[in-house]
Amino acid sequence: MVATATLIPGFADPVFDAQSSFRAAMDALSRPGTIQQIGCPLTPPKGLSAASAALMLTLCDYDTPVYLSAALAQGAVPGWLGFHAGAKVTSDKSNSAFAFFDKSSPLPAFSQFSQGTQDYPDRSTTIVLEVASLEGGARLSLSGPGIKGANEISPVGLPATFLDQWRANRALFPRGIDLILTCGNRLIGLPRTVNIKALEV
Amino acid sequence: MTALADYNFAYLDEQTKRMIRRAILKAIAIPGYQVPFASREMPMPYGWGTGGVQVTAAILGPHDVLKVIDQGADDTTNAVSIRAFFQKVADVAVTTKTSEATIIQTRHRIPEETLGENQVLVYQVPIPEPLRFLEPRETETRQMHALEEYGLMHVKLYEDIARHGRIATTYAYPVKVAGRYVMDPSPTPKFDNPKMNQSAALQLFGAGREKRIYAVPPYTDVVSLDFEDHPFEVQTFEKPCALCGARHVYLDEVVLDDKGGRMFVCSDTDYCETRREEGQRGEMLADMKEAAE
Amino acid sequence: MYVAVKGGETAIANAHQLLADRRRGNRDLPAITIEQIAEQLALSVDRVMAEASLYDRSLAALAVKQSRGDLIEAIFLLRAYRTTLPRFGTSEPINTARMQIERRVSATYKDLPGGQLLGPTFDYTHRLLDPDLLHDTPVEAPVGRSDADEPVMRVSEILAGEGLIEADGELPSEHIAGDLTREPMEFPMPRDLRLQALARGDEGFLLALGYSTQRGYGRTHPFVGEIRIGLVEVELDVPELGFAVSLGEIRVTECQMVNQFKGSAKAPPQFTRGYGLVFGQSERKAMSMSLVDRALRTQEFGEDVVAPAQDEEFVISHCDNVQATGFVEHLKLPHYVDFQAELDLVRRMRAKHAQSQHHQEAAE
């Protein structure tokens, strides 16, 4: 497994690809709801979107315990992640710096991940969730820091309980998880500060 | 030693950049909260912009255009030095034009020109903790932020009013970000505080020696602390800029002679030059024109 | 006419050129070599290595030369280089019990196994300027002890044998020592990180703090259990090989301070420890460090924090001379924007004051 995983290449240019992918993530989280794009070509290991894979290589390393959904943990991802990023996979959600989910695995309750502490709210998990599509689903209205007035997204494939879970997460502020939705090579950032409401159809 | 050939793009190694980038993302997610980070030793002294330099180095890419200012000016020696550093280690395009820059690293000023969505403003911060001069202990101030216990700050400002009849803080004037964290805007004059509110640009703050990174996302409420009977107000200048005639901008006082002669000119050198290029003339230049005629 | 100051770049380049000129000094004299500095100003080189946390005599000597002998500047240069170096792994803890001793003294025993060995010390030299050093007067070869390579028992082990001194710390065996230069600082700080901060800390600052504990600001009743200086082997465990390989030897100074005893209803009285370890030969630093280490353990022993040397946040936040010098010296950077803001405020307040005086006088 490890041998095949290492055959899948990482970034063609580790320095500049990581920089441009980081800027996409930075733009996504500082402007919630905008759709950002990973600019560099990347062939992800099976089960992972290109954007999720790029975020892995950009942000994860030896210092960040990574939680993987069951499907991802069983495939080529752990070996690929270890080889290219030196990151260790953990099965402890509450101790993970990042958690990655493919689009078919169920998303556990946000409260199972690290929420940070009141003293150190930055020590919370960033969840990267692949969805079926970033557009075309039920319309959600976003407001909060990073958004001029209000903004709209319509991702497809969020869990049914998402809005309730998000409201609970939002109520924990300054604690709470941060969420990045990915599909293909595109992503949307949902930091803990954002208010999300369903819009009437 | 082939010194520079050994250094990575933008000086920092990739592991350090990842660490800083993670801190930046958390800082954006918790506006105004100071994220601890493992600040590195930089090849310039602590207190001279190492935090700003590390933030800039972590976000900078080959397509960026960098502007560096100190006291609002591009030609102050430390601004020149930091700009030269990035030209050397990142071969990045630089500019003095605010409108052309994608990243602006600053010490003590916010440019006069309104910043846009495609721009990032990186502040160099000496003391990131707004409560530090009221309570020197990190363990205590961390607790105050955790509990949103900011009474001490209001007491301080109110003591000013009692003693001086007004709030006597003129720079590094504390702000509340997104209704939660009280934040130090870095030692910018309070004149610049309103520019932070609902800015279209992302604002990142780096404190190297104190090992903290914090952020104000775009379009975020940044409110200067004040009282109903003593509302926040910014400095005003009696005269316009002597060179470009601009009003409602921050001016530097320039002493002209030893007989009390002085003039006031824009602190933002690019703003002033741009206006003069457009044909705007202040008192001093108008006089000269007359003298020449 | 007023002309905005321009030409910062030229000014900087000219200043650097002048600096290079002054560094070289009189061209009729031969330039000092790195080897000469490393050999003949060895203690300067040691201090630079210690406070830069990088053991490399040649680079430290180069830093001393480049900084014109300004040691804090040299420490800064070496640290800025160190931060760019890749990490290959963490070495095994050095074993100072196996040190090749060059100097070893104990103040707690008149004689002890391994004996007292003065080594290359300034102690007992009469501080009279030596005219012989004005010239290259030949120096005789030193006399050495025949058993110098034998390992020498540590004084702490003698005391520990009787249970008279507290154990060597409680860290679990799998604990990997933290690294302040790679992780954000947090208070309260575990002792391994605190010791790292002190080992990098400014010699003068620690000296003054250690001294203050002797004068009653956080007294600890210290005895020098042992100071030893010598070479120790640095080993790296290579997982692929399954054993540790030697990377070479470094010279270190270790100080074990034996301090006031502590006991409780449950535990019998025991002496406590203060520990100092620095690169190179620097007894002053190692001793100061061990005094401050013990002072910083105040709360661990249920004592009250009453003196600066016992205050962890105060000591650790201010012991780094590269940080301190940067921030103190940054005051010379332009601050005119903020000064303008203050100037304006003071003028307004003075005007208001004058006005009220005026009204008062008019009323009288």
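The values are calculated or read from the model by the stated rules, or taken from the named source; none is laboratory data. Given the structure is predicted, the values throughout are model-derived calculations rather than measurements. Cβ sites come from the backbone with ideal geometry, for glycine too, and all protein chains shown count toward neighbours. Keep in mind that these areas ignore ligands, DNA and RNA; they rest on the heavy atoms of the full protein, side chains included. Shrake-Rupley method; radii C 1.70, N 1.55, O 1.52, S 1.80 Å.
For every helix of n ≥ 4 consecutive DSSP H residues, a contribution of -39,500 (n - 2.57) applies; sum these over chain B, divide by its total residues, and give [θ] at 222 nm rounded to the nearest 500 deg cm²/dmol.
Working: 8 runs with 87 residues, N = 293.
After summing the helix terms and dividing by the residues of chain B, the value is -9000 deg cm²/dmol.
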With -39,500 (n - 2.57) per DSSP H segment of 4 or more residues and division by the full residue count of chain A, the 222 nm estimate, nearest 500 deg cm²/dmol, is -8000 deg cm²/dmol
GNM on chain B, Cα springs under 10 Å; top mean-square fluctuation among B:Lys17, B:Lys88, B:Lys259 goes to B:Lys259
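Roughly what % of Cα-Cα distances in chain C sit above 31 Å, to the whole percent? Intermediate values should be presented prior to the final figure.
Details: 32490 of 66066 pairs.
The share of Cα pairs beyond 31 Å in chain C comes to 49 percent.
Could you compute how much accessible area chains C and B hide from each other, both sides summed, with a 1.4 Å probe? Nearest 100 Å² is fine.
For C against B, buried area totals roughly 4700 Å².
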Inter-chain shielding metric for A:55-62, i.e. average beta-carbon neighbours from other chains within 10 angstrom, reads 3
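When only C-alpha pairs under 8 Å and at least 6 residues apart count, what is the relative contact order of region A:100-143, in percent? Let's see the in-between values first.
Details: 31 pairs, mean separation 17.8, N = 44.
Answer for region A:100-143 is 41 percent.
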Counting sequence-distant residues (5 or more places) and residues on other chains, those with an amide H built under 5 Å from that of C:Ile165 are C:Ala160, C:Phe271
Expressed as a percent, the accessible surface of region B:2-224 that is carbon or sulfur, using a 1.4 Å probe and the full set of protein chains, is 52
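Starting from the residue with the highest accessible area, list B:Val53, B:Val255 in decreasing order, probe 1.4 Å.
Correct descending sequence by accessible area is B:Val255, B:Val53.
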quick note, the protein assembly as shown, DSSP beta bridge pairs, % antiparallel (nearest 5) is 70
Computed on Cα atoms, the radius of gyration and Dmax of region A:63-155 in angstrom are 15.5, 43
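Using only the heavy atoms of the protein chains and a 1.4 Å probe, how would B:Thr236, C:Thr220 rank by accessible area, largest first?
Details: B:Thr236 85, C:Thr220 5 Å².
The ordering from most to least exposed comes out as B:Thr236, C:Thr220.
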By the mean-Cβ-within-10 Å protection proxy, highest first, B:20-27, C:63-70, C:29-36 rank as B:20-27, C:63-70, C:29-36
Averaged over the residues of B:209-219, the number of partner chain Cβ atoms within 10 Å of each residue's own Cβ comes to 5
Checked the protein assembly as shown against the a/c 1.5 cut and the a/b vs b/c comparison, axes a ≥ b ≥ c from its Cα gyration tensor; verdict oblate
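How much of the DSSP beta bridge set in chain A is antiparallel, as a percent to the nearest 5?
On the way: 16 of 30 bridges.
Close to 55 percent.
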Excluding residues fewer than 8 positions from C:Lys110 in its own chain, the lysines with Cα under 27 Å of it are C:Lys262, C:Lys285
Carbon and sulfur atoms account, in whole percent of the 1.4 Å probe accessible area of region C:207-294, for 58
As a percent rounded to 5, the proportion of antiparallel DSSP bridges among beta bridges in chain B is 60
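Across the residues of A:113-126, average count of Cβ atoms on other protein chains within 10 Å?
Working: counts 0, 0, 0, 4, 1, 6, 7, 8, 8, 15, 3, 3, 0, 4.
Taking the mean over all residues of the peptide, I get 4.
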Distance in Å, no decimals, from the C-alpha centre of region C:42-112 to the one of region C:253-277 is 26
At the level of C-alpha centres, the distance separating region C:185-211 and region A:20-36, in angstrom, is 41
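Rounded, prolate or oblate: pick one for chain B, where a ≥ b ≥ c are the square roots of the eigenvalues of its C-alpha gyration tensor, a/c under 1.5 means rounded, and failing that, prolate if a/b is larger than b/c, else oblate.
Details: a/c = 1.96, a/b = 1.11, b/c = 1.77.
In terms of gyration-tensor shape, oblate.
Between chains B and A, what is the buried accessible area summed over both chains (1.4 Å probe, protein heavy atoms, nearest 100 Å²)? Could you put the intermediate results ahead of the total?
Numbers: alone 14760 and 9650 Å², together 21240 Å².
When B and A are taken together, about 3200 Å² of accessible area is lost.
Over the protein assembly as shown, give the accessible area per residue in Å² for a 1.4 Å probe, as an integer. Numbers along the way, then the final one.
On the way: 40420 Å² over 858 residues.
For the protein assembly as shown, the per-residue accessible area is 47 Å².
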Ranking C:Val143, B:Val254 from most to least accessible area with a 1.4 Å probe gives C:Val143, B:Val254
Here the residues of region B:175-192 whose accessible area is at least 40 Å² smaller with all protein chains than in the chain alone (probe 1.4 Å) are B:Arg180
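Mind checking region A:124-201 for GluC sites (Glu not before Pro) that DSSP puts in a loop (not H, G, I, E or B) and that have at most 15 other Cβ atoms within 10 Å?
Values: sites: A:Glu130, A:Glu135, A:Glu152, A:Glu200; in loops: A:Glu135, A:Glu200.
Taking region A:124-201 and a limit of 15 other Cβ atoms within 10 Å, the loop GluC sites (Glu not before Pro) found are A:Glu135, A:Glu200.
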Highest mean packing first, using Cβ neighbours within 10 angstrom, the peptides B:276-282, C:192-198 sort as C:192-198, B:276-282
As straight-line cross-link partners of B:Lys26, the qualifying aspartates and glutamates (C-alpha separation under 15 Å, not fewer than 8 residues apart within one chain) are A:Asp27, A:Asp119, A:Asp122, A:Asp178
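Here is the link list: B:Lys156/B:Lys211; A:Lys88/B:Lys88; B:Lys97/B:Lys190; A:Lys88/B:Lys176. Which ones come out longer than 30 Å on Cα distance?
Details: B:Lys156/B:Lys211 26 Å; A:Lys88/B:Lys88 35 Å; B:Lys97/B:Lys190 23 Å; A:Lys88/B:Lys176 38 Å.
The pairs that break the limit, which is 30 Å between Cα atoms, are A:Lys88/B:Lys88; A:Lys88/B:Lys176.
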With a 1.4 angstrom probe the carbon and sulfur portion of accessible area for region B:251-292, in percent, totals 47
A student applying the Cα gyration tensor rule (rounded when a/c is under 1.5; otherwise prolate if a/b is larger than b/c, oblate if not) would label region C:33-98 oblate
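Please work out the ratio of the alpha-carbon Rg of chain A to 2.2 N^0.38 Å and round it to two decimals.
Numbers: Rg = 16.0 Å, N = 201, 2.2 N^0.38 = 16.5 Å.
That works out to 0.97 for chain A.
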